[in-house]
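Below: the structure, in structure tokens.
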Amino acid sequence: MTMPSKRPALLGGAPAFRPALPFLKPDVPDSEALRAPLRTAFKTGMLTNSRFVSELEGEVARRLGVPYCVAVSSCTAGLMIVLRALNLKGEVILPSFTFHATGHAVLWNGLRPVFVECDEVTLNVDSEEVERAIGPRTAAILAVHLFGNPAAVTALERIARRHRLPLIFDAAHALGSRAGRSFIGRFGTAEVFSMTPTKPLVAGEGGLVTTRDKELARRVRVGRNYGDPGTYDCEFSGLSARMAEFNAILALKGLARLSSGTKRRQAIARRYRERLGKLTGISFQKVRSGNSSTFKDFSIQIDPDSFGLTRDEVARALEAEGIQTRKYFWPPLHRQKIFATDGVSRRTGLSKTERISERVLSLPIYPSLSREAVERVSKAMAGIQANAKAIRRALVERRTDGNSR
Ligand SMILES: *Cc1c(COP(=O)(O)O)cnc(C)c1O
């Protein structure tokens, strides 16, 4: 069965969406629900790192089944503090195919990033490549659950144990993901979540560090408070990275909808795959059987030869349809100037990572996205493919027009 398609907006058809379909709509509770707890915070005058922050920490730890959870001001700050609290020196092995903040945490600690390839099927770091990259200066492994898809937690834990290395997960996308029966948050030495408006649970701004290590949890608490254990004689140079009560209140209210929001995104992802899977040249990130992803993002890969258009051409054609997309993650870290100047990161070609980041495109996905909208995006995509040659010509003409103006 062929997919129903429409005449592309780039070729004079009506745009699929007017006004445009936003890439993202954060899933937030009704602001009325925040009133009562905010009143409490205002009345007591405790505006930061107080009752609601500890309530959030307790609730998240309980839900994920992990002994310790420490709230911080952001995921980046959480990663920075964890690496500092572990007192690392030398090199950290991490994927190049991730958001740049994963790498910032390494640079800020004066550690050297060693980028390795990702697996083309799961888009997560390739654990065999991780093990191959381990050398005498390796201080830690930093993996990512990309777009919510659990990394190869068991294999990575085995490698980390074998080489006696700490294993940290950037779990920015993965609050609510499961590896087997366990929630993400229980693996490695520590896992760090983000709660910005683009992430599954929204606190406005905020991060959560989870760990099974009591002493590490204590040091992260100290680290978010300048490194000051309460004596004014700092244990190490920490950050000012506490969470404000407002952010904790927002996240606590959001927790009630985390599971339904995740289920909704999973259903949208299934629908996209079913519809777009009918087109040639589109492939999808694979979630290993037994695992579940939050689908923080829905990422497709466009093979330019079999689809008929490059990722960038498709993105422009979708833009004309009023469909906002993102190139998550392009350019990969080892191609970004702050990371590329590093000798270690330049040593390897990372051809898989480069190919993937040239092909990825993230489509709108959020709990309030209707089934009808998913259908319309899919039809627009089918129309774009059916008219690939004319679209390429139209884009070339536009480029020439632009140059002559
Ligand atoms: C969003 C994100 C971060 C940073 O989160 P903040 O809370 O904004 O610091 C880190 N890593 C990844 C993979 C992200 O997507």
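In region 182-210, which residues are part of a loop (DSSP other than H, G, I, E, B), near the ligand (Cβ under 10 Å from one of its atoms) and either at positive phi or aromatic (Phe, Trp, Tyr) (or both)?
Scanning region 182-210 gives a single hit, Gly206.
Looking at Thr231, Thr262, Thr189 in this structure, which one is β-branched (Val, Ile, Thr) and without any contact (Cβ under 8 Å) to a residue 12 or more places away in the chain?
Numbers: Thr262 fails: without any contact (Cβ under 8 Å) to a residue 12 or more places away in the chain; Thr189 fails: without any contact (Cβ under 8 Å) to a residue 12 or more places away in the chain.
None of the other options fit; the residue is Thr231.
Tell me, please, whether a residue that is farther than 30 Å from Leu318 by Cβ, charged (D, E, K, R) and surrounded by 14 or more Cβ atoms within 10 Å (Cβ to Cβ) can be found in region 38-54.
yes
Restricting to strands (runs of 3 or more DSSP E) lying wholly in region 68-126: which have 2 or more residues that are of a type outside the set (A, V, I, L, M) and more than 18 Å from Gln336 (Cα to Cα)?
In region 68-126, the matching strands (runs of 3 or more DSSP E) lie at 68-72.
Is one or more of the residues making up region 14-36 of a type in the set (Phe, Trp, Tyr), within 16 Å of the ligand (Cβ to nearest atom) and modelled with pLDDT of 95 or more?
There is at least one residue in region 14-36 that is of a type in the set (Phe, Trp, Tyr), within 16 Å of the ligand (Cβ to nearest atom) and modelled with pLDDT of 95 or more.
For region 16-69, how many residues are closer than 23 Å to Arg221 by Cβ, under 26 Å from the mean Cα position of the chain (by Cα) and of a type in the set (A, V, I, L, M, F, W, C)?
8
Residues of region 61-82 being buried (at least 24 other Cβ atoms within 10 Å of the Cβ) and either modelled with pLDDT under 95 or more than 13 Å from the ligand (Cβ to nearest atom) (or both), which ones?
Result: Cys69, Val70.
When only residues in region 94-146 that are of a type in the set (Phe, Trp, Tyr) and buried (at least 24 other Cβ atoms within 10 Å of the Cβ) count, which is nearest to Gly180 (Cα to Cα)? Show your work before the answer.
Step one: of region 94-146, the residues of a type in the set (Phe, Trp, Tyr) are 97, 99, 108, 115.
Filter again for buried (at least 24 other Cβ atoms within 10 Å of the Cβ), leaving 97, 115.
Numbers: Phe97: 24, Phe115: 27 Å.
Here the answer is Phe97.
Can you name the residue in region 5-35 that is of a type in the set (Lys, Arg) and in contact (Cβ under 8 Å) with a residue 60 or more places away in the chain and, of all such residues, is surrounded by the fewest Cβ atoms within 10 Å (Cβ to Cβ)?
Arg18
The values are calculated or read from the model by the stated rules, or taken from the named source; none is laboratory data. Keep in mind that this is a model prediction, so the values were computed, not measured. Note that each Cβ is placed from the backbone with ideal geometry, even for glycine, and that neighbours are counted across all protein chains shown.
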